[in-house]
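The values are calculated or read from the model by the stated rules, or taken from the named source; none is laboratory data. Just so you know, these numbers come straight off a predicted model, no measurement behind them. Neighbour counts are summed over all protein chains in view; Cβ atoms, including those assigned to glycine, are modelled from backbone coordinates with ideal geometry.
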Amino acid sequence: MSAAGEHCPLVGTWRLVAWTSPLDGDTPTAGFPEWERAQGQLIYTEQGTMSVQTSTPERSRFGDEAVYGGTPEEKATAYDDFRACCGTYDFTGERVVHHVDQSVVPDDIGSDQTLLVRLDDSILVLTDEPRSRSATWERI
C-alpha cells in the first residue's frame, strides 16, 4: 500500500452524482430507493486523510429548534438519512482502503473499508468489494 501524496489522483473534493447497484445492472441501489437522489461530498487530502458525507435529499427538519432537539422518531429518521465517516486512506491504483476513525455508524469505527477504484478524468467510481454498491463522484 502506498500513502497518499500530491501525486495521488484521488486528492481533491468530489460530489456524489450516482449511487447504484452493479449487481442490478447499475440501477439505483436495490433496497435503498430513498438514496436514488442522494447528495454527498468526498474529500481526499495530500496528507492521507479522507472524509465523506452522504444524505438523502430534502431531509426533514426537527420541529424543535433546540440545538439537540427532535423527537426520538425525528432523530431515528435523521440517522437513517445521513452517513458520514472520516479517517485515513491508502491508495494502490486499483483499490482505496478507508481506515475509519470516526463514523455515524459506531460499528464502522476502527474498520478498513476496501473499495475498487475506477477513475476517468473527473469521474471517480468507487465500488465495495462484494460489488453490491457503487458510488459515482465528480471532481469539483
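Are any residues in the range 82-103 touching a residue at least 40 places away in the same chain (Cβ under 8 Å) and either among the aliphatic types (A, V, I, L, M) or touching a Pro at 6+ places or on another chain (Cβ under 9 Å) (or both), and if so, which ones? Passing the criteria: PHE91, VAL96, VAL97.
Among the residues of the range 1-19, the one identified as modelled with pLDDT under 85, small (Gly, Ala, Ser) and surrounded by 16 or more Cβ atoms within 10 Å (Cβ to Cβ) is ALA4. Considering (1) surrounded by 11 or more Cβ atoms within 10 Å (Cβ to Cβ); (2) of a type outside the set (A, V, I, L, M); (3) at positive phi, the lone condition that PRO57 does not fulfil carries the number (3). Taking the conditions (1) buried (at least 17 other Cβ atoms within 10 Å of the Cβ); (2) modelled with pLDDT of 85 or more; (3) under 15 Å from the mean Cα position of the chain (by Cα) in turn, GLY48 satisfies each one other than (3). Annotation note: Cβ proximity below 9 Å between a residue of the range 116-130 that is farther than 15 Å from ASP90 by Cα and free of Cβ contacts under 8 Å to residues at least 24 places away in the same chain and a residue that is assigned to a loop (DSSP other than H, G, I, E, B) and not charged (D, E, K, R) (sequence gap 6+ or interchain) occurs for SER122/ILE140.
Only a single item in (1) modelled with pLDDT under 95; (2) in a strand (DSSP E or B) is not met by ASP101, and it is number (1).
Looking only at residues of the range 119-140 that are within 17 Å of HIS98 (Cβ to Cβ) and among the acidic types (Asp, Glu), we find that the one that is modelled with the highest pLDDT is ASP128.
Looking across ALA76, ALA66, one residue alone is modelled with pLDDT under 90, over 19 Å from GLY40 (Cβ atoms), of a type in the set (A, V, I, L, M, F, W, C) and out of contact with any helix residue (DSSP H, G or I) (no Cβ under 6 Å at 6 or more places or on another chain). It is ALA66.
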